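Undergrad: Supplied in structure tokens, the structure appears directly below.
The values are calculated or read from the model by the stated rules, or taken from the named source; none is laboratory data. Owing to the predicted nature of the structure, the values given are computational and were not obtained by experimental measurement. Neighbour counts are summed over all protein chains in view; Cβ atoms, including those assigned to glycine, are modelled from backbone coordinates with ideal geometry. Only protein heavy atoms, including side chains, enter the accessible area calculation; ligands, DNA and RNA are left aside. Shrake-Rupley method; radii C 1.70, N 1.55, O 1.52, S 1.80 Å.
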Amino acid sequence: MGNEKNIPTHIAIIMDGNGRWAKSKGKERFEGHIEGVVSVKACIKAARKRGVRYLTLYAFSTENWGRPQAEVDALMQLFCKSVTKETPELIEQGVRVQIIGRRDRFSEEVRERLLHIEESTKEGDKLTLVLAFDYSSRDELVRATRTVADKVQRGELRAEEINDAVISAHLDTAGIPDPDLIIRTSGECRLSNFLLWQASYAEMYFPQTMWPDFREEEFDKALEIYALRERRYGLL
Ligand code: IPE
Ligand code: IPE
Ligand code: MG
């Protein structure tokens, strides 16, 4: 739930449109991804400045593995390079990094880097930056369901004890409040397997802006739009 100034506690962003941004400028798709990293940094700063406590960024979906190998490789490298490079500044800014999604399909090197980033930023208390990498909501729900079923089978949990809270606690986002606002850039109006459970009562905002152009001003505009929304949660 948002705080008194109506600033969302948790904003989740589907960073879309890097390829189209690049194409419109006669550049390679990959250049759009590189420029997108600049937007990531701008949004982290803006979120911190405005008092947003959680910022979740959809960086690579389970389905994105199906893109041409060269693009997949480039995205993996860019992700690892950027988070490693930015870690000192994130620590300085008080940003804690948490990574959600599968880890088992990454190389040992990538896995270790991800663990290192989480470990070295864990004292950050200004903003939690949640990076969804090899993430899809259905995959997360399948993994959570297996864990819960396993607990029932071993007698650690009774089936009738399973409720909303139990499911939430077994998702990758356990302990993270549900998003108040979900933004998807580039004008596409779909969730593409992102936070399906957690999005139950999220406000949605679909700006036309391509992700590489989504900077502080656009971020502030999203906050303004959110502040005007009336959330009813099924009540009168
Ligand atoms: C979003 O931009 C970044 C990722 C999905 C990794 P796209 O690469 O999807 O760019 P478009 O949608 O093709 O323009
Ligand atoms: C969603 O964007 C995934 C990320 C932003 C990481 P896509 O570009 O992959 O989604 P679709 O294919 O348009 O639904
Ligand atoms: Mg896309």
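Undergrad: Considering only residues of region 194-214 that are in contact with a helix residue (DSSP H, G or I) (Cβ under 8 Å, 6 or more places away or on another chain) and surrounded by fewer than 17 Cβ atoms within 10 Å (Cβ to Cβ), which is nearest to W21 (Cα to Cα)?
TA: L196
Undergrad: Taking the residues in region 68-96 that are open to solvent by 80 Å² or more (accessible area, probe 1.4 Å) and either of a type in the set (S, T, N, Q) or within 16 Å of ligand 3 (Cβ to nearest atom) (or both) as candidates, determine which candidate is nearest to the chain's Cα centre (by Cα).
TA: Selected residue: Q77.
Undergrad: If you don't mind, there's one more thing I want to ask. What pairs can you find where one residue is in region 8-36 and closer than 13 Å to E71 by Cβ, the other is of a type in the set (D, E) and more than 13 Å from ligand 2 (Cβ to nearest atom), and their Cβ atoms are less than 7 Å apart, with a gap of 6+ or different chains?
TA: A22/E28; A22/E31
Undergrad: Here's something else I'd like to know. Please enumerate the residues belonging to region 167-192 that are over 20 Å from R96 (Cα atoms) and open to solvent by 30 Å² or more (accessible area, probe 1.4 Å).
TA: Once the filter is applied, which keeps residues that are over 20 Å from R96 (Cα atoms) and open to solvent by 30 Å² or more (accessible area, probe 1.4 Å), region 167-192 yields I167, S168, H170, E188, C189, R190, L191, S192.
Undergrad: Which of the residues spanning region 97-120 are closer than 18 Å to V40 by Cβ and under 17 Å from the mean Cα position of the chain (by Cα)?
TA: The answer is V97, Q98, I99, I100, G101, L114, I117, E118.
Undergrad: For region 13-61, how many residues meet the condition of being within 7 Å of ligand 1 (Cβ to nearest atom), open to solvent by 30 Å² or more (accessible area, probe 1.4 Å) and either at pLDDT below 95 or part of a helix (DSSP H, G or I) (or both)?
TA: Within region 13-61, residues that are within 7 Å of ligand 1 (Cβ to nearest atom), open to solvent by 30 Å² or more (accessible area, probe 1.4 Å) and either at pLDDT below 95 or part of a helix (DSSP H, G or I) (or both) number 2.
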